[in-house]
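Data first, discussion second: the structure below is written as structure tokens.
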Amino acid sequence: MTAIVELDGVGKDYAERFILSHVDFRLNAGEIIGLTGANGTGKSTLLRIMAGLSKPSEGRVWLFGQEPGPRSRSRIGVLLEAGFLYGDLTARETLLYYGRLYGIKRPADAANEWLERIELTRDGDELVKTFSKGMRQRLAMARAALHQPRLFLLDEPFDGLDQRQSERLARWVREWGEAGCGVVLISHDERMVASLSTRIVRMERGMLREVGKENRAP
Amino acid sequence: MTIWRAVWTMARKDVAIEARGKALYLAAVSYGALTVILLGFSVGQQRGLPASWASGTLWLVEVLAALTSFTRLEDKERWDGGAIGAMAAPVDRSAVFFARVLGNLLFVYAVECVTIPLFLWVLGVGWPVDGVAFVLAVLLGTVAFVSLGTFLTAVVAASSLREILAPVLLMPLAVPLFLALVSLTAADFSPPDPFFHASVWWVVLAGYAGVFLVLPGLLFEIIVEV
């Protein structure tokens with residue numbers, strides 16, 4: 001079976017300081033991997049490499065069995081600390097913009113559908129800069145999922161969400177896993193990570209130190 | 001998605017954002033207009049500047065007004081990582097550079113539409129003798145200047161000193177370009193001179209526009225990737 005993500009001896013350094021060192025990692029279809037570890041251990045850097053946003057200093061990366069490129073990026077939904085939003089666009093314009101950029105056939109329909117799913121239909125024509133943190137986070141999540149990716153890379157997706165919204169996002173993450181998508185999840189909410197993940201991986205000083213037992217079958 | 005469709009999608013977003021606020025456009029136009037008026041006071045009663053002075057001051061006004069646009073677009077892209085969003089999209093990354101050039105270009109052309117006629121009127125320079133050559137020099141010169149400025153702004157984007165570094169790097173690199181622009185526009189404000197070889201300056205201008213439009217497009221992915 002071709003892995004969705006495969007990292008072989010991946011390392012990354014900035015200005016002679018290593019961030020990641022010899023990381024071997026494999027994510028198969030249907031797996032939800034919880035990536036845990038203290039601040040500054042290289043979790044976000046690892047996610048950026050998987051998203052094709054950063055090149056490793058050493059080692060190889062395969063996404064869907066290919067080297068990272070526009071084709072693999074079309075199948076990735078990425079949510080980093082920044083939401084990739086524009087304050088002077090409305091929520092609807094934001095989703096339309098990304099819908100067009102990802103080549104979605106009916107971007108307006110997809111935008112409307114996602115605005116409804118994240119309960120922002122009424123605020124769809126408001127400027128993003130007027131949104132609360134939670135509203136921005138919901139919009140960023142919709143932006144990441146709009147093009148129906150096969151791989152979700154989520155860095156603190158529950159930040160700013162209330163309990164009801166967090167539970168709804170958790171339900172979507174489970175559904176994506178059940179539909180055969182791969183999910184890599186970084187969150188400080190250990191309880192949430194434990195409940196969602198099929199496997200838990202721990203980062204320590206740029207190295208994958210510990211691989212937890214499978215929580216449940218993918 | 002083709003590269004040009006992606007460029008248009010991104011540039012259209014920039015235009016929508018700018019059209020909504022208009023603050024920076026008005027600031028750039030006001031800045032250009034104030035510079036022209038101050039120059040008018042300096043010249044005083046001596047209306048009708050010599051051609052070489054007129055062309056030099058014209059480009060001084062346009063360059064100062066254009067400099068505001070480079071960091072303006074970069075700041076909007078950095079607000080919540082929008083620039084990274086475009087890099088994560090399944091489009092050729094050179095499209096991101098070309099879209100920024102197009103966004104800046106439309107902005108600077110819009111500023112020039114107001115400041116150039118104002119300059120010609122306030123300073124009593126008169127209309128160019130060869131209007132077609134003048135418009136062509138302005139269009140091509142702006143492409144060259146904007147491509148170079150957009151590229152350098154992307155190079156220094158990660159620095160906290162980017163608002164200073166971009167113009168400081170731009171000025172020495174753009175010296176031959178300004179010499180070409182000043183010479184060509186000075187010729188447009190003067191009676192025909194049989195000893196003036198415009199073709200040399202046209203080659204410099206076209207070379208700048210070509211090199212700084214194509215080369216950064218090829219290098220952009222390497223420059224912005226960390």
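Just so it is clear, none of the values below were taken in a lab; they were calculated from the coordinates. Here the structure is a predicted model, which is why all the values come from computation and not from measurement. Note: ideal-geometry Cβ built from the backbone for every residue, glycine included; neighbour counts use all protein chains shown.
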Quiz item: Calculated FRET efficiency, B:R5 and B:A206, Cβ-Cβ r, R0 22 Å, to nearest 0.05?
Solution: 0.25
Exercise. Let me know the mean shielding of A:78-84 by other chains, meaning the per-residue number of their Cβ atoms within 10 Å of its Cβ.
Key: 5
Practice problem: Would you compute, from DSSP H runs of 4+ residues alone, the mean residue ellipticity of chain B at 222 nm, taking -39500 (n - 2.57) per run and dividing by the full residue count, rounded to the nearest 500? | Solution: -28000 deg cm²/dmol
Self-check item: Phi-based couplings in Hz for the stretch A:187-202 (Karplus 6.51, -1.76, 1.60; Gly and Pro marked x)
Solution: 7, 7, 7, 4, 5, 5, 4, 5, 6, 8, 7, 8, 8, 10, 10, 10
Self-check item: Where Cα atoms sit under 21 Å apart: lysine pairs in the protein assembly as shown separated by 8 or more or lying on different chains
Solution: 12
Self-check item: Whole-Å semi-axes of the stretch B:169-226's equivalent ellipsoid (Cα gyration tensor)
Solution: 32, 11, 7
Quiz item: Average partner chain C-beta neighbours within 10 Å, per residue of B:7-19?
Solution: 3
Quiz item: Amide H to amide H under 5 Å from A:E204: which residues, 5+ apart in sequence or cross-chain, H placed 1.01 Å off N in plane?
Solution: A:R209
Quiz prompt | Mean ellipticity per residue at 222 nm, deg cm²/dmol - from DSSP H runs of n ≥ 4 across chain A, formula -39500 (n - 2.57) | solution = -9500 deg cm²/dmol
Quiz item: Per residue, how much space in cubic angstrom lies within the convex hull of the C-alpha atoms of the stretch A:86-148?
Solution: 66 Å³
Quiz item: With charges only on Cβ, +1 for K and R and -1 for D and E, what is the dipole size of the protein assembly as shown about its Cα centre, in debye, rounded to 20?
Solution: 820 debye
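Could you calculate, for the stretch A:85-208, the ratio of the Cα radius of gyration to the Kirkwood radius, expressed as Rg to Rh? Write out the running numbers ahead of the final one.
Details: Rg = 15.1 Å, Rh = 15.3 Å.
Answer for the stretch A:85-208: 0.99.
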Practice problem: Sort all Cα-Cα distances of chain A into consecutive 10 angstrom bins from zero, then give the percent of pairs in each bin up to the one containing the longest distance. | Solution: 8, 34, 36, 19, 3
Quiz item: To the nearest 20 debye, what is the magnitude of the charge dipole of the stretch B:1-107 about its Cα centre, counting +1 on the Cβ of each Lys and Arg and -1 on the Cβ of each Asp and Glu?
Solution: 200 debye
Exercise. Compute the Rg to Rh ratio over the stretch A:41-107 from the alpha carbon atoms, using the Kirkwood formula for Rh, and round to two decimal places.
Key: 1.03
Quiz item: In square nanometres, what is one fourth of the surface area of the convex hull spanned by the alpha carbons of the stretch B:3-224?
Solution: 12.4 nm²
Quiz prompt | Computed P(r) (all Cα pairs; the stretch B:62-105; 10 Å bins; percent) | solution = 26, 53, 18, 3
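So what is the relative contact order for chain A, in percent, with contacts set as C-alpha pairs under 8 Å and at least six apart?
Values: 426 pairs, mean separation 64.3, N = 218.
Taking the mean separation of contacting Cα pairs over the length of chain A, I get 29 percent.
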Quiz item: Given the stretch A:39-153, what whole percent of its Cα pairs are spread farther than 25 Å?
Solution: 27 percent
Quiz item: On full extension of the chain, what length is gained from B:L106 through B:R78, given 0.36 nm per residue of separation minus the C-alpha to C-alpha distance?
Solution: 8.1 nm
Quiz item: What would the Debye formula give as log10 I(q)/I(0) at q = 0.09, 0.10, 0.13, 0.14 Å⁻¹ for the alpha-carbon point model of the protein assembly as shown, no solvent?
Solution: -0.66, -0.77, -1.10, -1.22
Quiz item: How high is the FRET efficiency between A:Q66 and A:D8 when r is their beta carbon distance and R₀ equals 22 Å, given to the nearest 0.05?
Solution: 0.95
Quiz prompt | Per-residue Cβ neighbour rank within 10 angstrom, fewest leading, A:T130, B:T115 | solution = A:T130, B:T115
